[in-house]
Amino acid sequence: PELELRTAAAPQLLEHLRIVRRIDDDEHVAEILGRGPHQARAADVDLFYERMLATLPSLDVILLTHDNAALTQRCLASLRDDPSYAHRLIVVDNASSDGTGVLLDEAEADGATVIRNHVNEGFARALNRGIRAGAGRYVLILNNDTELPRGALLAFVNGLARSREVGLLGPVTNS
């Protein structure tokens, strides 16, 4: 099957890895992995993808929460269900008093960074705490009432990566 790159980061991938046109071409996979042409195996594809993904710009998703556990659950599910772009999830909770804490415990167990404010510090302060906790080249800010469609993370990164002149993107409603 053809290896298709649908990202604005493709030039970096091509430059750093000299991406192959066909993933089943053992000679090219071996070249990328630094092995002889007859040493590549199908199992090397995982390593190939790992190295390829390591060259992509990093994305931090900052999720702000304050109560509304049902909305938070749907937002977290939409992030889990979008495999289009690897990201680091940072959740900043503004002193939720409903079932949000349990959801955040689960997210933390799955690798998310969770910042728990003991008082509601407001949108701006909580957002700044989340951004400071991250290190990504790109930052996506979400409220807990957001549900992302599949492919949204990749579309976000593509939108920012297309031009150095783009510094901010805003979503439109699905309504």
Exercise. Grab the beta carbon distance between T113 and R164, set R0 = 25 Å, and tell me the FRET efficiency rounded to 0.05.
Key: 0.35
Practice problem: Taking H placed 1.01 Å from N in the peptide plane, check which residues at least 5 places from G151 or on another chain put their amide H under 5 Å from its amide H. | Solution: S84
Exercise. Give me the distance between the Cα centres of the stretch 124-165 and the stretch 96-119, rounded to whole Å.
Key: 19
Quiz item: Got a number for carbon plus sulfur as a percent of the stretch 81-175's accessible area, 1.4 Å probe?
Solution: 50
Self-check item: Extension reserve of the F123-A86 stretch, reckoned as 0.36 nm per residue once the Cα distance is removed
Solution: 10.8 nm
Quiz item: Once amide H atoms are placed 1.01 Å from N in the peptide plane, what residues at a sequence separation of 5 or more from I141, or on another chain, have their amide H within under 5 Å of its amide H?
Solution: I62
Quiz item: Tell me, what is the FRET efficiency for I141 and T55 to the nearest 0.05, using R0 = 22 angstrom and their Cβ-Cβ distance as r?
Solution: 0.35
Quiz item: Roughly how many Å² is the accessible area per residue of the stretch 50-104, as a whole number, for a 1.4 Å probe?
Solution: 42
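The values are calculated or read from the model by the stated rules, or taken from the named source; none is laboratory data. Predicted, not measured: the structure shown is a model, and the values here were computed from it. Positions of Cβ are generated from backbone atoms using ideal geometry, with glycine treated the same way; all protein chains shown enter the neighbour counts. Note: accessible area is taken over every heavy atom of the protein model, side chains too, but ligands, DNA and RNA are not part of it. Shrake-Rupley method; radii C 1.70, N 1.55, O 1.52, S 1.80 Å.
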